[in-house]
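Undergrad: The following block contains the structure, expressed as structure tokens.
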Amino acid sequence: MSTPPMPRRAARAAMTTALALAALATTGCAITPPQPWEKGALARPEMTMGGDVLGDRFAQHIYTSKENASGGNGVGGGGCGCN
């Protein structure tokens, strides 16, 4: 037993509804650039990927000391943690 085909009016209404929903969904994805008053916060050093160089070096030193290994970041060395 197969289902009977949809009437043309119902098929057209379903297509129109699907297209309207797709158009509505894509309008919510618009990305606007930051406004001039928002750029001050984005320019702070904390907002960059490498904003705290000393902190990054310290965290890497602690990691290599605890793991007793190094690699992938800087030069090789021991893992005792005593400078």
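Since every read-out is calculated from the coordinates, none of them should be taken as a lab result. If you're wondering where the values come from, they're calculated on a predicted model, not measured in any experiment. Here the Cβ positions follow ideal geometry from the backbone for every residue, glycine too, while neighbour counts run over all protein chains shown.
Undergrad: Computed FRET efficiency, Cβ-Cβ of residue 27 and residue 60, R0 41 Å: what is it to the nearest 0.05? It would help to have the intermediate numbers written out before the result.
TA: Working: r = 44 Å, r/R0 = 1.08.
So, using R0 = 41 Å, E works out to roughly 0.40.
Undergrad: Restricting everything to alpha-carbon atoms, can you work out Rg to Rh for region 17-56 with a Kirkwood hydrodynamic radius? All intermediate terms of the calculation are to be shown ahead of the outcome.
TA: Details: Rg = 18.2 Å, Rh = 13.5 Å.
In region 17-56, Rg relative to Rh is 1.35.
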